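So the structure is just underneath, and the comments pick up after that.
What follows is calculated from the coordinates using simple rules that are stated; it is not laboratory data. Predicted model, so just to flag it, every value in this text is computed and none were measured. Cβ atoms come from the backbone with ideal geometry, glycine included; neighbour counts cover every protein chain shown.
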Amino acid sequence: MGCMIKLIKIFLKICIVVVLILLLNGFLLYRNAVSNVSVEQKVSEITSKSNYVEIQDISEYLKDYIVQVEDKRFYTHYGIDIIAILGSMIENLGAGYYKYGGSTITQQLAKNMYFTNEKKMTRKIAEMFVAFKLESEYSKDKILELYLNIIYFGNGYYGIKEASHGYFNVSPKNLNKYQSSLLAGVPQAPSVYNLKNKESKAMKKRYFSVLNRLVDSGRISSDEREEFKRMYLVP
């Protein structure tokens, strides 16, 4: 019994050391990134682009749906969502392998501003430090605005202006409920969820899942869900 307790203590100490090393390496990666180009400079680069759209010129439906689908606790967390992270860990354990998940809108913005999609824990930690920085210096609406202007919507469309015009030939402000619900499902995996290929099983499954989430959150009615499904299935 004594031997087992010693082994457990050794294991816990090793875990603590590993976590501390990861945190240090993640912080160093973050510090190196923001020392080369500050968060303020990055934000200035994004907002100065010709296709940049301010928050008041983006459809209320799209803003609401994106938050509900990507990060429903966006307006209450401070950059990371502990509940989402724990839920993702449980799902990963159930799947039998580890993959990152539970990223907030702020974390996704941080990643797009500085990092790649490389699945390394140090990158995720650095991303979290950038997220904390963003949350401390910018309002939630500004973070959402930046996010919608930087994310990839597939088919070569970066940012909501390119996506709204490219897919629907309308301005971001005039996106309706149906169009907004379609776009809300894309950012999770834009290379997989292709809005120009409605025959894709992955896209159909994703879109119907998005509709269910919007019904559960009270954003659309059950009747609207069935209407949008019919609209989606029309060639």
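In the Gaussian network model of the chain, springs joining C-alpha atoms below 10 Å, which of Ile46, Ile80, Ile151 carries the largest mean-square fluctuation? Judging by the Gaussian network model, the answer is Ile46.
The largest-to-smallest principal axis extents of the Cα set in the stretch 130-211 are 43, 24, 23 Å. Rounded to the nearest 10 degrees, the angle from helix 222-233 to the longest Cα principal axis of the chain is 80 degrees.
Net charge near Leu233, counting Lys/Arg +1 and Asp/Glu -1 over other residues with Cβ under 14 Å of its Cβ? That works out to +4.
Calculated translational diffusion coefficient of the chain (25 °C, 0.890 mPa s; Stokes-Einstein with Kirkwood radius over alpha-carbon pairs) equals 126 µm²/s. Cut-off is 10 Å between beta-carbons; in what order do Lys63, Lys229 appear when sorted fewest neighbours first? Listed from fewest to most nearby Cβ atoms, that is Lys229, Lys63.
In the chain, the longest principal axis of the Cα atoms and the axis of helix 105-114 are about 80 degrees apart.
Residue exposure proxy: Val19, Val234, ordered by other Cβ atoms within 10 angstrom of their Cβ from fewest to most, comes out as Val234, Val19.
Computed from phi, the 3J(HN,Hα) profile of the stretch 197-205 under the Karplus parametrisation 6.51, -1.76, 1.60 (θ = phi - 60°) reads 10, 5, 7, 5, 5, 5, 5, 4, 4 Hz, with x in place of Gly and Pro. If I take R0 = 25 Å and measure r between the Cβ atoms of Leu7 and Met121 in this structure, what FRET efficiency does the formula 1/(1 + (r/R0)^6) give, to the nearest 0.05? Efficiency, from the Cβ-Cβ distance: 0.50.
Karplus-based coupling profile of the stretch 155-162, in residue order and whole Hz: 6, x, 9, 9, x, 5, 5, 5, with θ = phi - 60° in 6.51 cos²θ - 1.76 cosθ + 1.60 and x standing for Gly or Pro. For a quick check, take a GNM of the chain with Cα springs below 10 Å and name the residue from Gly218, Gly156, Gly26 with the largest mean-square fluctuation. Of Gly218, Gly156, Gly26, the most mobile in the Gaussian network model is Gly218. Projecting label points 7 angstrom from Cα along Cα→Cβ for Lys173 and Cys15 puts them 5.4 nm apart.
Cβ crowding within 10 Å, taken as a proxy for footprinting-reagent exposure, orders Glu224, Glu127, Glu45, Glu118 from fewest neighbours to most as Glu118, Glu45, Glu224, Glu127. Each of Asn25 and Thr47 was given a label point 7 Å from its Cα along the Cα-to-Cβ line. The distance between the two points is 3.6 nm.
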